[in-house]
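**Q** Below: one structure in structure tokens.
The values are calculated or read from the model by the stated rules, or taken from the named source; none is laboratory data. Keep in mind the model is a prediction, meaning the values are calculated, not measured. Don't worry about glycine lacking a Cβ; one is built from the backbone with ideal geometry, like all the others, and counts go over all protein chains shown. For the accessible areas, the whole protein counts, side chains as well, though only heavy atoms, and no ligand, DNA or RNA atoms are used. Shrake-Rupley method; radii C 1.70, N 1.55, O 1.52, S 1.80 Å.
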Amino acid sequence: MPATIVQTNDKPFERVAIDPVTLDIIENALRNARIEMDATLVRTAMSPGIREQGDAFPLIADHTGKMIVGQFGSFIGGFLENYQGTLEDGDMIFLSDPYSVGGAISHSNDWLVLLPVFKDGRLIAYTSMFGHQSDIGGKVVGSMPINARSIFEEGVRIPPVKIWKKGEYNADLIRLVMHQTRKPDWCAADLNALIAACRVAARRVIEMAERFGDDVYVSATQELLARNHRAMKALVGMAIAEEPVSFEDYICDDGMGFGPYRIKCTMWREGEKVILDFAGTDPQSVASINFFLNENMFKMFFGIYMIMVFDPQILFNDGFYDLIDVRIPEGSLLKPKFPAALSGRTHALGRIFDILGGLLGQKTPEFLNAAGFSSSPHLFYAGNDERPGKNGDWFQLFQIGFGGIPGRPMGDGPDGHSLWPGFTNVPNEFLERYFPMVIERYECEPDSGGAGLHRGGNGIRMTYRFLSKGTIAIHDDRWFVPPWGVNGGEPGARARKILEKPDGTQTIVGNKVEDLEVEAGDILHFITWGGGGWGDPLARDPELVAKEIVQGLVTPEGARAYGVVVDDRGAVNLAETEALRARLREERGDIPLFNYGPGIDVLRANCEAETGLPAPIQPEWPLLEAAE
């Protein structure tokens, strides 16, 4: 049975007309409240992942649970349908189990707080925020085991429970939860930060309702939803054809030797509604790369992509959800059956955006993006600090790295940038201050962005020198299947990781490894993938290429991918450039819409020679199920 909302005032809100100025004020006040949630969080949290990188996502919803401002879309409707309990003034919900909320959070490291906002006895809004916890127990430090066979190996799972009940704090519950983590101080601070952020937003909602009146505030939220619906309806009619288009991409491997795993989506329009069907996606993995994709979350991804490409001025919210029908096969990589492991879902999460780009751009190539969102590189480092004065204190680091953003219709992809626009890097000074390591290099990897009229963003080379013995784990992708280019652009370079011993001996290590032991003095070269290029690289301004050589973004050898020849001083040799470009144009033939690079069979045959790693083995699900 659905949740029971306990209100002491059952008078319904009255829908009233909203003038444009009032609507604009309330809209921007809600935007600011969301920003204030982020600011409160980063000033209160302790873990580097949240405090320094911003790995948390706020939401302000209307009184029915529809998101008005936020990022991942609202899970509240599904929660209310399945929560068998009451919600009343003074309550606050706490949860982390993806299976309990239909994948609204996608792995157990994400702790979520939900606050129903009451005013004068009536439910007027919801505020919510979730953030990635650096450790929730489980079999490995950081609680994201690559080789987990079930979610039970990944740490504490919290079903929807009341952390506050009628204004009373459930201290025993929090004591129990914190007992499961290796970093209770970080987790407690981060949880308090989530709570504080929700309370700040709730205060702002109450202030708006007090200023304008409850009916005006609620009517404004409904108009913002309706306005978004009208805008998305127009965009869908303009950009989505009735004829189906399909696109597929691959997760390189599962960290256990098997791969690649296919994600496929087909899109078409029926009247005003878009159908997005993931039939053809591979079955779930026995490892942790499964991504429990909530349908509403994917609707929000689709809406964000549509809005950012076609009309960035639109405030995206939940108003357009009835225009989209998402179909995900049960038991697939994107809708695994309980208790499938989920902690490594970040690779499929990133790949979803590449697939959206491939789908939406086929009918309108001028709006097509290349690949490069792709993944979210993670590094874990833990042990006892052996430096003088540290007394062998326990340390553990969880850090998110960045790859190259794809080349785009409006220009080059940013170099070494996050998939999520609000994320920032952990400052090197912070890492060196609080962890036994020295950051010897933090720079773009030249030539890693795919060549194009608009270059794909370069990946990053981050070189860590470890000062204490410990273990590391690496979670990354795009090392086997490269990020594809579009409209004549070239694929981006693939990721690679190299462990170097103090004597200079180097070993190529996998992009998904767990519990790799390192000694003091060892060096890790953490190199991420570049974005695919956009457009004909032979049309790029030669002087711009020469400038990027000076900046270290392109090498003289790499410049030849653009048909550009430079002399010993770095100046463009125009005569040789024109001759080289003429020859390259003649040799290449027609420009493809998508440039995937070699096919899977060729990549597999050349894998060890090109990457230094054995090729992943093609998954065969009956055999994998038998092995399990």
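**Q** If one computes the Cα centroid of the range 216-274 and of the range 385-463, what distance in Å separates the two points?
**A** Here the answer is 30 Å between Cα centres.
**Q** Under the rule a/c < 1.5 gives rounded, and otherwise a/b versus b/c splits prolate from oblate, where does the range 134-275 land using the Cα gyration tensor? Could the numbers behind the result be given before it?
**A** Numbers: a/c = 3.53, a/b = 1.08, b/c = 3.26.
It comes out oblate by the Cα gyration axes.
**Q** Taking the Cα centre of the chain as the origin, how large is its charge dipole in debye, to the nearest 20, when only Lys and Arg (+1) and Asp and Glu (-1) carry charge on their Cβ atoms?
**A** Details: 60 positive and 86 negative charges, 159 e Å.
So the magnitude is around 760 debye.
**Q** Still on this structure: Extension gain Trp268-Asp120, at 0.36 nm per residue separation less the Cα-Cα distance, in nm? Walk me through the intermediate numbers first.
**A** Numbers: separation 148, 0.36 × 148 = 53.28 nm, distance 4.61 nm.
Gain on extension, Trp268 to Asp120, equals 48.7 nm.
**Q** Label Trp394 and Glu586 with points 7 Å out from Cα along Cα→Cβ: what is the distance between them in nm?
**A** 6.9
**Q** For Phe423 paired with Val6, estimate the spin-label separation in nm (one decimal), with each label point 7 Å from Cα along the Cα-to-Cβ line.
**A** Here the answer is 4.1 nm between the modelled labels.
**Q** Just round it to a whole percent: the fraction of Cα-Cα distances in the range 513-628 exceeding 20 Å.
**A** For the range 513-628, the fraction of Cα-Cα distances above 20 Å is 65 percent.
**Q** Next question, about the same structure. Give me the distance between the Cα centres of the range 140-203 and the range 343-369, rounded to whole Å.
**A** Centre-to-centre distance over Cα atoms comes out at 32 Å.
**Q** I'd like to verify something in the chain: which complete DSSP H helices, judged by Cα projection on the helix axis, reach 18 Å or more and average at least 0.5 on the Kyte-Doolittle scale?
**A** Counting only whole DSSP H runs, the qualifying helices are 295-310, 346-360.
**Q** Express in Å², to the nearest 10, the accessible area of Leu80 obtained by rolling a 1.4 Å probe over the protein heavy atoms while all chains stay in place.
**A** Counting only protein heavy atoms, the figure is 30 Å².
**Q** What does the extension gain come out to for Asp215 and Thr505, with contour length at 0.36 nm per residue minus their alpha carbon separation?
**A** 97.4 nm
**Q** Classify the range 337-384 from the C-alpha gyration tensor, please: rounded if a/c falls under 1.5, else prolate or oblate depending on whether a/b exceeds b/c.
**A** oblate
**Q** Same structure, new question: Residue by residue, what Karplus-based ³J(HN,Hα) values in Hz, rounded to whole numbers, does the range 478-491 have, using 6.51, -1.76 and 1.60 with θ = phi - 60° and x for Gly and Pro?
**A** 6, 9, 10, 9, x, x, 6, x, 9, 6, x, x, 8, x
**Q** Right, something else. If you keep only loop residues by DSSP, which GluC sites (Glu not before Pro) in the range 500-578 have at most 13 other Cβ atoms within 10 Å of their Cβ?
**A** Within the range 500-578, the qualifying GluC sites (Glu not before Pro) (loop, at most 13 other Cβ atoms within 10 Å) are Glu519, Glu557.
**Q** Next question, about the same structure. Leaving ligands, DNA and RNA out of it, report the carbon-plus-sulfur percent of the accessible area of the chain at a 1.4 Å probe.
**A** 52
**Q** Looking at the range 21-79, I'd like the Rg to Rh ratio, where Rg is from alpha-carbon atoms and Rh is Kirkwood's inverse mean 1/r.
**A** Working: Rg = 13.2 Å, Rh = 12.6 Å.
Rg divided by Rh gives 1.05.
**Q** Assign one of three labels to the range 338-419, namely rounded, prolate or oblate, based on the Cα gyration tensor with a ≥ b ≥ c the square roots of its eigenvalues; rounded applies when a/c is under 1.5, prolate when it is not and a/b is larger than b/c, and oblate otherwise.
**A** Details: a/c = 8.16, a/b = 2.12, b/c = 3.85.
Note, shape of the range 338-419 comes out oblate.
**Q** Can you give the Rg/Rh ratio of the range 204-293, where Rg is from the C-alpha atoms and Rh is the Kirkwood radius?
**A** Here Rg/Rh amounts to 1.23.
**Q** Can you give the helix-only mean residue ellipticity at 222 nm for the chain, where every DSSP H stretch with n ≥ 4 adds -39500 (n - 2.57) and the sum goes over all residues, rounded to the nearest 500 deg cm²/dmol?
**A** Estimated from H runs of four or more residues: -9500 deg cm²/dmol.
**Q** Using a basic spin-label model with each label point 7 Å from the Cα along Cα→Cβ, how many nm lie between Arg441 and Val245?
**A** Taking the simple label geometry, Arg441 and Val245 are separated by 3.9 nm.
**Q** With every protein chain kept in place and ligands, DNA and RNA left out, what is the accessible area per residue of the chain? Probe 1.4 Å, answer in Å². Mind dumping the intermediate values first?
**A** On the way: 23950 Å² over 628 residues.
Per-residue accessible area for the chain comes out at 38 Å².
**Q** For an R0 of 35 angstrom, estimate the FRET efficiency from the Cβ-Cβ distance between Ala575 and Glu610 and round to the nearest 0.05. Write out the running numbers ahead of the final one.
**A** Values: r = 34 Å, r/R0 = 0.97.
Computed FRET efficiency for Ala575 and Glu610 comes out at 0.55.
**Q** What's the center-to-center distance, using Cα atoms, between the range 74-130 and the range 550-579 in Å?
**A** Using only Cα atoms, the two centres lie 56 Å from each other.
**Q** Using only the Cα atoms of the chain, what semi-axes does the equivalent ellipsoid have when each is the square root of 5 times a gyration tensor eigenvalue? Give whole Å, largest first.
**A** 40, 31, 23
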